Structures are given as C-alpha cells and as structure tokens.
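Peer 1: Before we start, here is the structure in question, set down as structure tokens.
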Amino acid sequence: MKPVQLGKLAVELDLECEGDPAVEVRGLAGLRDASPQDLSFVTGERYRKDFELSGAGAYLVPPDFDTDGRPCLRTRAPYADFARAIEVLHPRSKPAPGVHETAVLGGGVALGKDVSVGPYCVIGTGASIGDRTCLHAQVVLYPGVRIGVDCEIHSGVHLRDDVTLGDRCVIQSGAVIGGEGFGFTFRADGTRIRVPHRCPVEIGDDCEIGANSTIDASHPGHPRRGHPEVRTRLGNGVKVDNLVQIGHGTDIGDGAMLCALVGLAGSSEVGRGVYIGGQAGVADGVRIGPGALIGGGTGVAGDIEAGAQVLGYPPMERRLWWRVMAASKRLPQLLRRVREIEKKVDVASGD
Amino acid sequence: MKPVQLGKLAVELDLECEGDPAVEVRGLAGLRDASPQDLSFVTGERYRKDFELSGAGAYLVPPDFDTDGRPCLRTRAPYADFARAIEVLHPRSKPAPGVHETAVLGGGVALGKDVSVGPYCVIGTGASIGDRTCLHAQVVLYPGVRIGVDCEIHSGVHLRDDVTLGDRCVIQSGAVIGGEGFGFTFRADGTRIRVPHRCPVEIGDDCEIGANSTIDASHPGHPRRGHPEVRTRLGNGVKVDNLVQIGHGTDIGDGAMLCALVGLAGSSEVGRGVYIGGQAGVADGVRIGPGALIGGGTGVAGDIEAGAQVLGYPPMERRLWWRVMAASKRLPQLLRRVREIEKKVDVASGD
Amino acid sequence: MKPVQLGKLAVELDLECEGDPAVEVRGLAGLRDASPQDLSFVTGERYRKDFELSGAGAYLVPPDFDTDGRPCLRTRAPYADFARAIEVLHPRSKPAPGVHETAVLGGGVALGKDVSVGPYCVIGTGASIGDRTCLHAQVVLYPGVRIGVDCEIHSGVHLRDDVTLGDRCVIQSGAVIGGEGFGFTFRADGTRIRVPHRCPVEIGDDCEIGANSTIDASHPGHPRRGHPEVRTRLGNGVKVDNLVQIGHGTDIGDGAMLCALVGLAGSSEVGRGVYIGGQAGVADGVRIGPGALIGGGTGVAGDIEAGAQVLGYPPMERRLWWRVMAASKRLPQLLRRVREIEKKVDVASGD
C-alpha cells in the first residue's frame, strides 16, 4: 500500500478533484467499511444513505452527486475509477521485460518488443508473442501458438498447438487451452478411435480465462448447425471464471460471461453479452440468444431466446421457477389432499 | 494442411477407391459444409439427402452405399476412417525421441526404446516408461510410476507415487492422477487426522484422461462393498473428459465414458460401457450396472441397473423424467386448482 | 510394505498390546476383507458381527471391546490409529531437505530449517518458507508468499502474490491459490474493466486443499455484509477436496469440509464445522451457520441456519426433500387425477 494525496490521485486518474487536495488516501474500502484514511465510491443516489453514514476520507462520485462538501473526485464511472485507484494504491510489479535464461525456445519463435518470458517457460516452434506480453513462470506454448500484445499469461498455463489469443488477454494459472475435444468414434471391430481435434482455438481481444479452466479444440467435419466453421471461438471481451469447461466447436459471442464450474458441451453457440451463472450446464448444439441470462445451476438442454432470463432444469422464466420451487415443497401434502378429495367425491384413487 | 490425391489417400488408409484417383483433397468437412476440395463422409442411408445436396469432392462411404458415380473410398467405418484421414491431412509431429537435457531423472529410472522426455520433466526414482511413449514438457512423475508403450502424456501432467498406466493412453494437460483421496478421521481429542491414501491408482490400456481431471488414490482398509481390492482402478478403453473428479477406491469398467465435470465420490463401481453425461454426480459406494446411460446433470444416490437409461435427481427413466419436468411447470397452477376443488366439494383446505 | 511385529507396532503407536506380541503384521484391511497377515480395526459394538467373522491377524479396538482373546492394540480412536499404522507399514519418504540446484529463488527469500525445495520450483521475491516444509517439483510461489512450518506442497501448485499458509498444511498438485477473483465493472463507454483483486488470501493451520482446486483473492472495497475485512480466508483445519472453486472474499470457519466440485461464489460465509457435499453450489453473499450439513448437489441461494441439514434446490430439510423427490415422480399421474376430479365435480378444468 502506497499512500497518495487526493489531488495527486486526481491527476493520475485524470479526474476533477473537489475539496482539500492534500487529504491523504491510505486505503480503499466500501462505503460502510471505510475509515478516514480510505477512499470509497458512490455509484448513485441509491446509496445516499450509506454515503451519509460513511466515514471515508474521500469519495469517487457521479458528476451531479451532492457531496455536501466532502472531498471527492468526479467521474461518470465511480466503480471503474475505484478499480483504477486500486492499481495506484496497490501497485503490483510485473516481471521485467526479457527472456529468462532458463526458458526453452523452439526454432522460429517471434518475440515482440519488451516481452517478458519467465523461468522454465517452454515455447514451441514457430510461436509468436506480441509486444509487452508477459509470460510468468512455467508457461508452455506448443508449436504455432500466437499471442497478441499486452497479454498476461500466469504461471502454469498450457496453450496447445496453434491456439491464438488476441490483445490484452489475461489467462490465470493452470488454464489449458486447445486440448483435444472429447470426440471418439467406432472402428469396424467395435473399438473406439479418437477423432483428432486439430482446428486451432481462437480467442479474441480483452478476454480473461480463469484458473484451471479448459477450452477444447474441435476437428474438421465436427458438426455445428448451419456453420461451415467448426473452430472453438471466443469473441472479444469474453470473461471466463475458474474451472469452466468449454467443449469442442463452441462459439461464444463478444462480452459473454461464464461463471465458475460452468460446462458447455460441444458445438453450442453462446450469443453476445450472455451471462451464465455458476455450475450451469449447456448441452450439445444448443443456441443461446444474445443477452440471455442463465441462472446458476441451470441445465440448458434446448435453445434459449435472446434476452430471456431463465433458471432451473428444464430452464424456466425466473419468476415461474421460483413459484415452482415454492410449490414443490408442498408436493407431498398435495398428494394427500387429492387422495382426500377422491374419497369424498367417490373417484377411484389414483394411488 | 497437406493436399493429397484421393488414390494416394486410399493407399494410406488401405481402402478401395472409386472414381478419379487424381482428385485432390485439400480439406475435410461435414456433408453440408464441404466444398469441392473437401473429403467428407456418409455413415448410412439416413444421410442420403445431405449426401445428394453435398458439394464435397470425395466421400468415405459404406460398402453398399450408392454414390451415383461420385469419387469415394469404401469402408465399413466411414467416420473412423475420416478420423484417420484427419491424421493424414493434418499431421502433427510429436517431439522426437530422446531425453531433453533439462529433464531431471531420479535413480533407477527405466526408459524403453524411442522414448521422448520433454524439457523440465521430473521423473522420480524407480519410474519406468515404455517404448515410444512421449512425455511433453513439464510432466512430473513421482517415484515408482509405471507407464506403458505408445502413450502420450501432455504438458503439466502430474502422476503421483506408484501410479500405473497401460499402453496407448493419452493424458491431457494438467491432469493429476494419484493424489490423496479425501479421507480423514478423528483422533481421541476430536481433531482430524488424514488417513494416508497409499494404494496406487491403476489405469488400463487405451484410456484417455481429460485436461485438469483428478483421479484419487485410495488407502488400505478403505471400504468397498464385498471387495477386498480397494485400489482406484480404470479398465481398458475408459475415456474421461476434462475437469472430472474420480474419488478414492472407484472402479470403472472397460469402455466407460465420463463427460466433463462429472464427480464420482469414493468406492463407487461403474460398469463396462457405462456413459455418464456432463456434471452428473455419483454418491459414495453406488453401483452402476454395465451399459447404463446416465444423463447430464443426474444425481445418482442409489444403485442403477444394467442397461438403464436415467436422468434427473433422483434418477428416473428418461421418458418419465421428461414428463415430470413438463408437469413441474404446472405445479403452481395445480395447487390453485386443488384449492378450488376443495371449496366446491367442501373439503377442509390443506392450505 | 514393511512387515512389523505387533509388539513393535504397539511401541511405535504408543498403545497397549494384548495377545502374542510376536504376531507379524504384513498388511492392513477392513474387517471383512482382512487375512491373517492383516491388521484391522473395530470402532465399536456396532461392528461386533463383522469382528466375529473377520479373519484378521490383529485388531485395533476400543478400550472396553471384548476381543475374546484375539491379539489387539487398545485405543480410544481405532480408525485414527489405523491411519497411523498405515504410515508405519507404507512409509513414504519425502524429498530430503535442501534446495534443488535448478530451483530459481528471487531476492530476500527466507527459508527455515530443513526446508526441501524440489526441481524447477520458482520462488518469488520476499517469500518465506517455514521449517521442515517440503515443496515438491515445479511449485511456483509469486512474490510475498508466506508458508508455515511442516507443510507439504505437491508438484505444480501455484500460489499467487502474498498468499499465506499456516502450519502443517497439505496442498495437492495443481491447486491455484490467490488467483484474481471474477470481478469486473463498466467504464463510462460501456466496456468492461477488471477490478484488481489484491487482498492476499489467508489460509490457517492444518488445512488441506485438493488437486486442481482454485481459491480466489478479493479486492479492497469488495462487499461482504457487515464485514470490513474482505480477504478470502480459510480458518484452521479446513479440508477442501479436488476441483473446488472458492470465490473472492469468502470466509470459511474452522474445521469446515468441502467436497469435490463444490462452488462457492464470492463473499459467502461458511461457519465452523460445516460440511458441504460434492457439486453443491453456494450463491454470493450467503451465510451458512456453524455445523450445518449441506447435501451433495444442493443449490444454496439463501442463508442456512446453524446445524441445519439440507438438500436439494432450493435447500429443504433432508427428510422433506426425500419426500418431495418421491412425490415428484407421481406428478404426471397427479395432473391426470385432478383433471378427473374436475370433470366429476363440474369444476372448469385448469388445463
């Protein structure tokens, strides 16, 4: 933690400062938890009450928010600038540019400017790494991998043959991208043969892949409804949490978010801006329309319309699901009631 | 991609060629997506219509399939030979035989002929590796590990003490085999003590283990119904997808398939040829009979009969499950209807 | 396996020996599976029948258990001492103390006495490792990591910046601790920005973390109900199985157990001694009271009371859940019965 004066922080963040610029910021905290050394933030009038009770020393606030004279920085995105303030107050130095002497590089590797390659990295033949990209320790790139500029690849990441990453991607430790999809078929004698999955995985710009997540490669001839392109593909700005499985031939639209332990079977299509909650599962070949919100634990076996908000198994509209769940607790009692009625009205019991 | 003439491909695959052997194959694609440079495949009359509309340059077809004169290769297993054709057209060179100079080998390690050991592998005392087996970069073998012939172990795999793999196994990156099972007991003072799990995991021939999957070791004295043998064991030809958890003392029969994010608790028995869909869970000590099909997301808390096809929680026969799911959406409405009837027939409401 | 005489084993375990101390123990097994060379154990009268039928050569038994003269060792915790006997009969040598010549250590690293650092470990600036702690091969510690005494860190573990582990912890291969939590916000232009997660993860004494599990760091200002402290924290004696996801800002009480594939979203609180079964999920900000038992596959979206035993989605008391599950199979039939009654009593059908 590096203390900083509010006025200097305003300059660093390129924001307007109101109140005493000499106020010293030593920490960051939410409105309710902040002490006088802390910078906090308010995103709107909804948090007026918390703001009034808050003991922070300074605030990031929207342009028209009445601060009653408390020191503040004005911004149209208070939480985003709070995030930037964390970078200023908790700076974390990346490894310096340069290739560590223990890294093993294959032939024809192309490194951009100011690339950092950590200890015990292994970089396959013909791989390329863009400017300022940082590989922490023990990253393995198989032959032909291409990584864009300004990426950060954490320790223990494995990128298989010909995987491509766009610019500004962050890959957390232990993620495996481009492993062979789960696809087998039968020989004439009834034994299984692997279908070689050799279509390179493509990942766009500004993506994040969580720790120990896995994204599989597809194979030529792999089916996807009405698509000649069978590569596994993530668009731009896709955010994937930890321990997520993305199957062969899946196509994920820009800005989609996949929470932890989600499983996408092969050949599914996830539209732009879709949100999938933790532990949800998506079956083979399913299409999820843009902007849909899939609740945690949902089992998606059929297509989902654009903008739908669903939950449960099978997926239902959110409010219906909650009503079904509430009603389900009364199911044993309901069986008894129906039996009672059957006696009364002389209908043969269904029991 | 390496273009090849159809006649030459026929020779490589040892198949009969019909039509112009000089047709040049430059790619591979499904029937609907294929262009004139592509080889495609038909598995039977079911795809007759797609075949007729297909624009592929050549086809893999069953022996008696009428191709109306289009160039083709005849085979009893078109999809399997399509898989072999991928190997021809998308060859992927494995690392050359030899032990990389950075590999660290313990005492008494036995290496077969033409073994390949990649950079930064660490091989424990007394381990053995069969002929032509390839370890990619950064594989760790604890002491006593034994690996058969013609295996491929991808980067970042960790095999713990005394794990044995059969022949022709493929282990995807990040898999951990032989970690200590989740077993603890209480000391007299009420604190927990680990039960050391020291029974080596045994994996048969022709198995595949997916990326970041985990297979735990068991311990002597670990309970399994009627079995003196408590080792975690996978038979031959078992295929395990990514992020699968296989608990201590589990026994998996030949040819079983486990999809991504499946969790098997300890001491369960999975019969020959069982298929378990993604994210399904199997409780402690459960027996699943041979040939059973467990749908994705199923929660298996009790035994499953051989050949059963089940889904849901608790598992039900597939068609029943779909009817229950459809009916569950009408549950809130059903409660209202029963209340209405109760009023009408003068039964005290159960509400 | 190292054979040992019963009398010598008694001395090693500091227990009282009854019967012939020269009985040779060559193996360990459960009561039903034991042969005359095996040591087995009985935890109480409940297993009297199995004891009578058992063919073991010797037994660990409670103080007042009538053994009818069979050779035994007396103990208040038979299973715990069986675990200790496994250590004696199946000893597993840890790597010898010392830093392997290939390990890369940053500046200011502090190593305790008899520390073992394996091949290709990478230890960041300012990290510290307590006495007798063992790092197997290829462990990566980012800068500032602190590890207590007598820990065992298996191969391929990645600990990110400033993570702290207490004493006697065991971390299985491939676990990633301290990765950045899944937290983003929006810039004024609508694009996403990562919120830097820089609060170090804290793990207490006697914890175990399973293979390929992930525990995320939180960020300053991250919300948790009524808590100024936002660090992800595991208390003492917490046991975490394989492939578990623990989200940013989660707080887990002493002695809690989390089974495989469990997912905890951010900011949840798990009380002392809570047990969470496999594949269960816990939503953001939920509080689970001390001693609660959450069954496998449960979807926890709201708070759970101390000591509650719940199952299902939404979580219900165990017995209710089983009744609801049994009733749910009869739902399609119930719909038909209600329709029948409606006809009979002349109520407009709800269909």
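The values are calculated or read from the model by the stated rules, or taken from the named source; none is laboratory data. None of the values given here were measured: they were computed from a predicted structure. Virtual Cβ from ideal backbone geometry, glycine too; neighbours counted across all protein chains shown. Ligands, DNA and RNA are excluded from the accessible area calculation, which covers all protein heavy atoms including side chains. Shrake-Rupley method; radii C 1.70, N 1.55, O 1.52, S 1.80 Å.
Peer 1: I need the shape label for the range A:252-292. Rule: rounded when a/c is under 1.5, else prolate if a/b > b/c, else oblate, with a, b, c from the alpha carbon gyration tensor. Please report the intermediate quantities before stating the final value.
Peer 2: Values: a/c = 2.00, a/b = 1.07, b/c = 1.86.
In terms of gyration-tensor shape, oblate.
Peer 1: Evaluate the charge dipole of the protein assembly as shown about its Cα centre and quote only its size in Debye, nearest 20, assuming +1 on the Cβ of each Lys and Arg and -1 on the Cβ of each Asp and Glu.
Peer 2: 2640
Peer 1: Still on this structure: For C:311-317, what's the mean count of beta carbons from other chains sitting within 10 Å of each residue's beta carbon?
Peer 2: Mean partner-chain Cβ count within 10 Å for C:311-317: 4.
Peer 1: Can you pull the mean other chain C-beta count within 10 Å for peptide A:28-39?
Peer 2: 4
Peer 1: OK, next. How much solvent-accessible surface does B:T75 expose, in Å² to the nearest 10, with a 1.4 Å probe and all protein chains in place?
Peer 2: My reading of the accessible area for B:T75 is about 10 Å².
Peer 1: Heavy atoms only, probe 1.4 angstrom, no DNA, RNA or ligands counted: give me A:F184, C:F65 ranked by accessible area, highest first. Display every interim value, and only then the final one.
Peer 2: Values: A:F184 35, C:F65 5 Å².
Per-residue accessible area, sorted high to low, gives A:F184, C:F65.
Peer 1: Still on this structure, please answer the following. Pick from A:P78, A:P143, A:P220 the residue whose mean-square fluctuation is largest in a GNM of chain A, springs joining Cα atoms under 10 Å.
Peer 2: Its mean-square fluctuation being the largest, the pick is A:P78.
Peer 1: At B:G7, label 7 Å along Cα→Cβ: distances to the other copies, nm, ascending?
Peer 2: Label point to label point, same position, other copies: 8.7, 8.7 nm.
Peer 1: Separate question: What GluC sites (Glu not before Pro) does the range A:44-101 have in DSSP loop regions with at most 13 other beta carbons within 10 Å? Numbers along the way, then the final one.
Peer 2: Values: sites: A:E45, A:E52, A:E87, A:E101; in loops: A:E101.
Within the range A:44-101, the qualifying GluC sites (Glu not before Pro) (loop, at most 13 other Cβ atoms within 10 Å) are A:E101.
Peer 1: What percent does the relative contact order of the range B:106-196 come to when contacts are Cα pairs within less than 8 Å and at least six residues apart? Please report the intermediate quantities before stating the final value.
Peer 2: Numbers: 244 pairs, mean separation 17.2, N = 91.
That works out to 19 percent.
Peer 1: If you restrict to DSSP beta bridges whose two residues both lie in chain C, what percentage is antiparallel, to the nearest 5?
Peer 2: On the way: 11 of 76 bridges.
Within chain C, antiparallel bridges account for around 15 percent of the total.
Peer 1: Distance from the Cα centre of the range B:102-150 to that of the range A:96-126, in angstrom?
Peer 2: What the calculation gives is 25 Å, centre to centre.
Peer 1: Quick one: which residues, 5 or more positions from C:Y313 or on another chain, have an amide H under 5 Å from its amide H? H modelled 1.01 Å from N in the peptide plane, none for Pro or chain starts.
Peer 2: Amide H to amide H, under 5 Å and 5 or more residues apart or across chains, C:Y313 pairs with C:G299.
Peer 1: Here is a follow-up. Taking each pair of distinct Cα atoms in the range A:297-351 once, what is the resulting Kirkwood hydrodynamic radius in Å?
Peer 2: Working: mean 1/r = 0.0736 Å⁻¹.
One over the average 1/r among Cα pairs gives 13.6 Å for the range A:297-351.
Peer 1: Loop only per DSSP, at most 16 neighbouring Cβ atoms within 10 Å: give me the trypsin sites (Lys or Arg not before Pro) in the range C:38-122, ordered by residue number.
Peer 2: C:R76, C:R92, C:K113
Peer 1: Something else about it: Out of B:H100, B:H154, B:H136, any idea which swings most in a Gaussian network model of chain B, alpha carbons joined below 10 Å?
Peer 2: B:H100
Peer 1: For the protein assembly as shown, give the share of DSSP beta bridges that are antiparallel, in percent and rounded to the nearest 5; count only bridges with both residues there.
Peer 2: Once the DSSP bridges in the protein assembly as shown are tallied, antiparallel ones form about 15 percent.
Peer 1: A follow-up question, please. Quote the relative contact order of chain C in percent (integer), defining contacts as alpha-carbon pairs under 8 Å separated by 6+ residues.
Peer 2: Relative contact order, chain C: 6 percent.
Peer 1: Under 10 Å, Cα contacts only: if you run a Gaussian network model on chain C, which one of C:Q37, C:Q172, C:Q138 comes out with the highest mean-square fluctuation?
Peer 2: Top of the fluctuation ranking is C:Q37.
Peer 1: Note the distances from C:G98 to each other copy's matching label point, with points 7 Å along the Cα-to-beta-carbon direction, in nm, sorted shortest first.
Peer 2: 2.9, 2.9
Peer 1: Can you give the accessible area buried between chains C and A, summed over both chains, with a 1.4 Å probe, in Å² to the nearest 100?
Peer 2: For chain C against chain A, roughly 5400 Å² becomes buried.
Peer 1: Per residue, how many Å² of accessible area does chain B show with a 1.4 Å probe?
Peer 2: On the way: 13110 Å² over 351 residues.
About 37 Å² of surface per residue is accessible.
Peer 1: Which of the three applies to the range B:1-49, rounded, prolate or oblate, going by the alpha-carbon gyration tensor with a ≥ b ≥ c and a/c under 1.5 meaning rounded? Walk me through the numbers on the way to the answer.
Peer 2: Values: a/c = 2.13, a/b = 1.36, b/c = 1.56.
It comes out oblate by the Cα gyration axes.
Peer 1: When Rg is the radius of gyration of the Cα atoms in the protein assembly as shown and Rh is its Kirkwood radius, what does Rg/Rh come to? Provide the component values of the computation, followed by the final result.
Peer 2: Numbers: Rg = 30.3 Å, Rh = 30.8 Å.
Radius of gyration relative to Kirkwood radius: 0.98.
Peer 1: In square nanometres, what is one fourth of the surface area of the convex hull spanned by the alpha carbons of chain C? Don't jump to the answer; show the numbers that get you there.
Peer 2: Details: hull surface 111.4 nm².
Taking the Cα atoms of chain C, their convex hull projects to 27.8 nm² on average.
Peer 1: Next question. Treating the beta-carbon of each Lys and Arg as +1 and of each Asp and Glu as -1, no other charges, what is the dipole magnitude of chain C about its Cα centre, to the nearest 20 debye?
Peer 2: The calculated dipole for chain C is roughly 1340 debye.
Peer 1: Also: I'd like the antiparallel share, as a percent to the nearest 5, of DSSP beta bridges with both residues in the range C:4-89.
Peer 2: If I count the DSSP bridges inside the range C:4-89, around 40 percent turn out antiparallel.
Peer 1: Under a straight-distance cross-link criterion of Cα-Cα below 22 Å, which lysines are reachable from A:K344, leaving out those fewer than 8 residues away in the same chain?
Peer 2: B:K343, B:K344, C:K343, C:K344
Peer 1: Give me the one-decimal Kirkwood hydrodynamic radius in Å for the range C:261-350, with the sum taken over alpha-carbon pairs.
Peer 2: 14.8 Å is the Kirkwood radius here.
Peer 1: Also, I was wondering about something else. Using Cα-only point scatterers and the Debye equation, what is log10 of I(q)/I(0) for the range A:28-183 at each q in 0.11, 0.16, 0.18, 0.21 Å⁻¹, rounded to two decimals?
Peer 2: Taken in order of the listed q values, log10 I(q)/I(0) reads -0.60, -0.79, -0.89, -1.13.
Peer 1: What whole-number value in cubic angstrom gives the convex hull volume per residue for the C-alpha atoms of the range B:218-320?
Peer 2: Value for the range B:218-320: 75 Å³ per residue.
Peer 1: Here is a follow-up. Using 0.36 nm per residue of separation minus the Cα-Cα distance, give me the extension gain between B:D20 and B:Q333 in nm, one decimal.
Peer 2: Result: 106.1 nm gained on full extension.
Peer 1: Express the relative contact order of the range A:4-89 as a whole percentage, based on alpha carbon pairs under 8 Å and six or more residues apart in sequence.
Peer 2: 29
Peer 1: While we're here: On the accessible surface of the protein assembly as shown, probed at 1.4 Å, how many percent belong to carbon and sulfur atoms?
Peer 2: 49
Peer 1: Given the C-alpha centroids of the range B:174-210 and the range B:287-351, what is the distance between them in whole angstrom?
Peer 2: Spelled out, the Cα-based centre of one part sits 36 Å from the other.
Peer 1: For a quick check of understanding: with a 1.4 angstrom probe and all protein chains in place, what accessible area in square angstrom does C:D33 have, to the nearest ten?
Peer 2: 50
Peer 1: For the protein assembly as shown, what does -39500 (n - 2.57) per DSSP helix run (n ≥ 4), summed and divided by total residues, give at 222 nm, in deg cm²/dmol to the nearest 500?
Peer 2: Calculated from helices alone, the mean residue ellipticity at 222 nm is -4500 deg cm²/dmol.
Peer 1: Could you give, in nm with one decimal, how far A:K329 is from each other copy of that position, shortest first, with labels 7 Å out from Cα toward Cβ?
Peer 2: Going from nearest to farthest copy, the values are 2.5, 2.5 nm.
Peer 1: Provide the FRET efficiency to the nearest 0.05 for the B:R76-C:S35 pair, computing r from the beta carbons and using R0 = 35 Å.
Peer 2: Computed FRET efficiency for B:R76 and C:S35 comes out at 0.10.
Peer 1: Next question. Taking only the Cα atoms of the range A:4-89, how large is their convex hull per residue, in Å³?
Peer 2: 74
Peer 1: For A:V11, C:V201, what's the largest-to-smallest order of accessible area, 1.4 Å probe?
Peer 2: Details: A:V11 115, C:V201 0 Å².
Heavy-atom accessible area, descending, gives A:V11, C:V201.
Peer 1: Which whole number gives the average count of other chain Cβ atoms within 10 Å of the Cβ atoms across peptide A:339-348?
Peer 2: 5
Peer 1: I've got another one for you. Could you go through the range C:154-159 in sequence order and give the Karplus-derived ³J(HN,Hα) for each residue, using 6.51 cos²θ - 1.76 cosθ + 1.60 with θ = phi - 60°, rounded to whole Hz, and x for Gly and Pro?
Peer 2: 6, 4, x, 7, 10, 10
Peer 1: Which lysines have a Cα lying under 23 Å from the Cα of B:K239, excluding residues fewer than 8 positions away in the same chain?
Peer 2: Here the lysines satisfying the reach criterion relative to B:K239 are B:K94.
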